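Contents: one structure, followed by commentary.
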Amino acid sequence: MTDHIVVLGAGYAGLAAAKRAAARLRRTAARVTLVNASSRFVERVRLHQLAAGRRLAELPLAGLLGGSSVELVVARATGIDLAERTVRLDGPPYELRYDVLVYALGSGSGGEAVPGVREHAYPLATADEALRLRARLAETGSVTVVGGGLTGIEAAAELARPGLRVELLTTGVAGPGLSARARGHIRRSLALMGVAVREHAPVAKLGPGTLLLDDGTELPAETVVWAAGFAVPALAADAGLAADGHGRMLVDASLRSLSHPDVFGAGDAAAADRRGRTARMSCQTGLPMGRYAGEAVADLLTGREPRTARFRFVWQNVSLGRRDGVTQFTRADDTPLDAVMTGRASAAFKEAVTRSTVWFLRHPR
Ligand SMILES: Cc1cc2nc3c(=O)[nH]c(=O)nc-3n(C[C@H](O)[C@H](O)[C@H](O)COP(=O)(O)OP(=O)(O)OC[C@H]3O[C@@H](n4cnc5c(N)ncnc54)[C@H](O)[C@@H]3O)c2cc1C
C-alpha cells in the first residue's frame, strides 16, 4: 500500500517538511500532500514591512513546490480524527486520509485574555492583519505598539515616520532575551526615530481610543498594534494530541507527538524542547524543525529510527527600520552572548538571511 504523508500548514516549517520528506522518499511510492489555507506563501517575518507600506514579493506555493512531487491542497483544515487517521477540510477533497501527519499550522495573534484586544487592537500576525493595519495608518496620528519582544520592537521601528507618534509599551524591558548591549542599541535607535518606550507597563484593558495599564494609569491610544505574543490554533489539542497549556503540540526529540507516534509537529504550533527550554516561536526554529520533521518521517517510512532533531542557535536578528538593526550573537541554547553587530551591517545581514530563507525553501536539500 502507498504511504500517504499529509502536512498541515505551508509556512516555514510545513513547506520545509513536505519538500524534505518528498525528496527523501522520491524512490518509494509514498505520496506527500501539503494542505494550506492559502495558495501563497506568506513571509511572516516581513509583515511589519507590509504594514508600513512596503510591497512584498508574490510567492505562490506552486512555484516554491516546483520540481518536487508534493501535491498542494488549498483548503483550511477544520479537524483531525486521530482514530480514523483523517483530516477534515473546508474545501475539496473535504477529507484526507493519512498514514503519517505533520502538524505545522503555525500561529496567529494572541492577546485574547486581555479585555478589549479583540475589539480595539490591530494585530500583526497574518497578511490580512498587516494590510488592515496599513489602511488604518493612513488615517491615524498615533500608534501604540504593545509588546517589547522582537516583533513589537521591529514593528515600532518600521512604522516610525515623521508625523506619526509611536510609543512602545512592554511588560518588562524591551528585548528581554537580548544582552544589555543589544538593548542599549535598541533604546538609542528607537529614541532617534522618535519612538517613546515605556517599560514595566503591562496593559490590563483596551477601550475605544484609550488603554488602561495594570497600575491604573489610563493612556490615550488611537491605534493599538498588538504584538505581545502569538497564539496557536486549537486543532491539535481539540483532536486529543498531547499539548502544552497554550495548545502547542508536545513533541519528543524526533519531533514526534508524545501521545500519537504517527503524528509529527514542527514550527510555532509544536513545543520543541531545546535543552530544557521550549524553543521560541520563530522562523529560525521552524525551518530546521520542518526539515527535521521531513527527515524523521522519511526515516520512519523506510524502516529506520526517526532521527533526533539537532539544531543550535547562533544569532537573533532584529531589524530597526530598513537601515539599522541588531544582530545578537547567542549560545547554542539561544541565550545571548555579549557580542552584537549593529547598524547598517546588521540590517544588511538580516535582509540577506531573510532572502536566503526563501531560497532555502525553494531548495531545501
Ligand atoms: C511581524 C513579524 C515579524 C517576525 N520576524 C521574525 C524574525 O525576524 N525572525 C524569526 O525567526 N521569526 C520572526 N517572526 C516569527 C515567524 O514569522 C514565525 O515564528 C514563523 O512564521 C513560524 O513558522 P511556521 O511554519 O510554524 O508557521 P507559519 O509561518 O505561521 O505558517 C503556518 C501556515 O499554516 C497555515 N494555516 C494555519 N491554519 C491553517 C488551517 N487550519 N488549515 C490550513 N492551513 C492553515 C497558514 O496559512 C500558514 O501558511 C515574525 C513574525 C511576525 C508576525
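The values are calculated or read from the model by the stated rules, or taken from the named source; none is laboratory data. Fair warning: this is a prediction, and the values are worked out from it, not measured in the lab. Glycine gets a Cβ as well: all are built from the backbone with ideal geometry, and neighbour counts include every protein chain shown. Remember, those area values only see protein heavy atoms, side chains included, never the ligands or the DNA or RNA. Shrake-Rupley method; radii C 1.70, N 1.55, O 1.52, S 1.80 Å.
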- Quick check: anything in region 152-171 under 27 Å from E112 (Cβ atoms), open to solvent by 20 Å² or more (accessible area, probe 1.4 Å) and among the hydroxyl-bearing types (S, T, Y)? yes
- Task: Give just the number: which of (1) modelled with pLDDT of 95 or more; (2) within 16 Å of the ligand (Cβ to nearest atom) does L301 not satisfy?
- Result: (2)
- Scan region 212-243 residue by residue and report those that are part of a strand (DSSP E or B) and hydrophobic (A, V, I, L, M, F, W, C). L212, L213, L219, V224, V225, W226, F230, A231, A243
- Item | Verdict on L133 being of a type outside the set (S, T, Y), surrounded by 19 or more Cβ atoms within 10 Å (Cβ to Cβ) and under 27 Å from A293 (Cβ atoms) | no
- Task: Please list, ordered by first then second residue, the pairs with beta carbon atoms under 6 Å, 6 or more apart or interchain, first in region 103-115 and among the hydroxyl-bearing types (S, T, Y), second open to solvent by 30 Å² or more (accessible area, probe 1.4 Å).
- Result: S107/F230; S107/M281
- Just checking, which of R307, R312, R291 is open to solvent by 30 Å² or more (accessible area, probe 1.4 Å), under 25 Å from G149 (Cα atoms) and basic (K, R)? R312
- Note on the structure: Listed by first then second residue, the pairs whose first member lies in region 146-161 and is aromatic (F, W, Y), whose partner is open to solvent by 10 Å² or more (accessible area, probe 1.4 Å), with beta carbons under 6 Å and at least 6 positions apart or on separate chains, are none
- Query: Could you list, in sequence order, the residues of region 277-308 that are of a type outside the set (K, R) and over 21 Å from D3 (Cβ atoms)?
  - Reply: T278, A279, M281, S282, C283, Q284, T285, G286, L287, P288, M289, T308
- Test: residue in region 264-272 that is open to solvent by 40 Å² or more (accessible area, probe 1.4 Å) and under 26 Å from L131 (Cα atoms): no
- Wholly within region 102-191, strands (runs of 3 or more DSSP E) carrying at least 1 residues that are over 28 Å from A77 (Cα atoms): 142-146, 165-169
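Conditions tested, residue by residue: (1) surrounded by fewer than 17 Cβ atoms within 10 Å (Cβ to Cβ); (2) in contact (Cβ under 8 Å) with a residue 60 or more places away in the chain.
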position: V195; (1), (2): no, no
position: A201; (1), (2): no, no
position: L206; (1), (2): no, yes
position: D214; (1), (2): yes, no
position: F230; (1), (2): no, yes
- Message: Being open to solvent by 40 Å² or more (accessible area, probe 1.4 Å), within 15 Å of the ligand (Cβ to nearest atom) and basic (K, R) is the filter here; which residues of region 332-365 pass it?
- Response: R355
- Message: Pairs needed: first member in region 162-183, among the polar types (S, T, N, Q); second member anywhere, part of a loop (DSSP other than H, G, I, E, B); C-beta distance under 6 Å; at least 6 residues apart or different chains.
- Response: T170/G148; T170/E199; T171/P202
